[in-house]
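Have a look at the structure below, then the notes.
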Amino acid sequence: MVSRAQEASAFDAVARDYDRTFTFTTLGRMLRARVWEHLAEHFKAGERVLDLACGTGEDAVWLAQRGVRVAAADASGAMLDIARAKAAQAGVGGKISFLRASIKQIAHGAVPGRFDGAFSNFGGINTARDLSALVRRLYLDLKPRGKLILVPMSRLCPLEILTFLAGGNIRQALRRQRLNPVAEIRGRKIPIYFPSGRDLRRQTASGFKLLSVESLGFWLPPTDFGHWVDAWPRLFSLVNQFDRATSSMMGASGDHFIFIAERKP
Ligand SMILES: C[S@@+](CC[C@H](N)C(=O)[O-])C[C@H]1O[C@@H](n2cnc3c(N)ncnc32)[C@H](O)[C@@H]1O
């Protein structure tokens with residue numbers, strides 16, 4: 001069993017490179033812009049929103065710049081250090097409260113107060129062993145009609161399977177289908193969970209009303225192959241438009257998916 005401290009230190013080790021290798025890449029910006037469309041629609045200035053597994057704070061800073069107050073939590077101290085510096089540089093440090101907490105601790109009530117919304121972007125939620133405990137806590141922590149936006153890595157990413165198979169890497173091709181999947185981060189194996197759209201629907205059904213489920217990156221290269229997008233940005237800008245247009249049809253498949261629900265009154 002890997003402890004929270006071991007998990008966090010694995011992410012500490014990649015914190016410094018995270019923005020360079022994902023956030024600031026063409027693909028990273030493309031995908032995040034798609035998520036921001038939903039954050040902008042559902043989270044308004046003056047509201048208080050919880051960012052679970054906030055990483056280097058890219059979303060928290062963007063929301064704060066739009067007047068949203070953010071409680072940003074992550075298990076990794078190094079990720080939070082970068083997020084804090086980013087917030088200070090953007091002049092929105094006062095609008096974001098940073099907290100070092102794992103998803104498990106949050107599920108046990110580590111973040112005080114009530115929220116107008118909660119979200120977790122780009123796989124933060126895939127580290128949650130007990131999603132149902134988290135969903136129960138979010139039901140308590142969200143105000144009636146508060147929005148929940150989750151962007152997990154999906155269980156089925158056909159392009160990832162094909163790409164790894166083409167390279168002869170069967171193990172990686174089927175990494176999301178394994179019985180006990182792990183993410184290898186700088187040589188450390190971290191348990192990871194791939195909730196399906198049906199899992200999320202089932203776990204949120206009693207407390208939340210489903211608003212939408214859409215794919216993010218069904219036709220785009222999976223994030224491990226983001227360098228393709230840097231090499232052919234115009235081509236993939238068109239692919240991104242097609243990906244966006246077909247996202248509802250593809251549902252909870254692709255590299256990630258966007259799940260949006262509303263807390264029942
Ligand atoms: C792929 S990054 C996503 C970061 C950010 N949400 C984004 O959009 O860029 C995953 C994040 O989850 C954090 N993390 C990993 N395990 C965690 C856990 N058990 N509880 C809370 N955060 C965790 C990592 O430190 C990392 O910042």
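Values quoted throughout were computed directly from the atomic coordinates according to the rules given, and no laboratory measurement underlies them. Just so you know, these numbers come straight off a predicted model, no measurement behind them. For neighbour counting, all protein chains shown are included, and Cβ atoms are generated from backbone atoms with ideal geometry for every residue, glycine included.
Residue by residue, here is whether (1) within 16 Å of the chain's Cα centre (by Cα); (2) surrounded by fewer than 21 Cβ atoms within 10 Å (Cβ to Cβ); (3) more than 14 Å from L216 (Cβ to Cβ); (4) away from the ligand (no atom under 16 Å from the Cβ) holds:
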{"residue": "F98", "(1), (2), (3), (4)": "no, no, yes, no"}
{"residue": "I103", "(1), (2), (3), (4)": "yes, no, yes, no"}
{"residue": "A107", "(1), (2), (3), (4)": "no, no, yes, no"}
{"residue": "G113", "(1), (2), (3), (4)": "no, yes, yes, yes"}
{"residue": "G117", "(1), (2), (3), (4)": "yes, no, yes, no"}
{"residue": "A128", "(1), (2), (3), (4)": "yes, no, yes, no"}
{"residue": "L142", "(1), (2), (3), (4)": "no, no, yes, yes"}
{"residue": "R145", "(1), (2), (3), (4)": "no, yes, yes, yes"}
Legend entry - Qualifying residue in region 159-171 (condition: touching a residue at least 60 places away in the same chain (Cβ under 8 Å), on the phi > 0 side of the Ramachandran plot and of a type in the set (G, A, S)): no
Inset, instruction - Of the numbered conditions (1) assigned to a helix (DSSP H, G or I); (2) within 10 Å of the ligand (Cβ to nearest atom), A72 fails exactly one; give the number of that condition. - result: (1)
Legend entry - Some residue of region 132-153 being free of Cβ contacts under 8 Å to residues at least 24 places away in the same chain and under 25 Å from M30 (Cβ atoms): no
Legend entry - Filter result for the condition that a residue is away from the ligand (no atom under 11 Å from the Cβ) and more than 23 Å from L131 (Cα to Cα), over A15, A83, A78, A40: A40
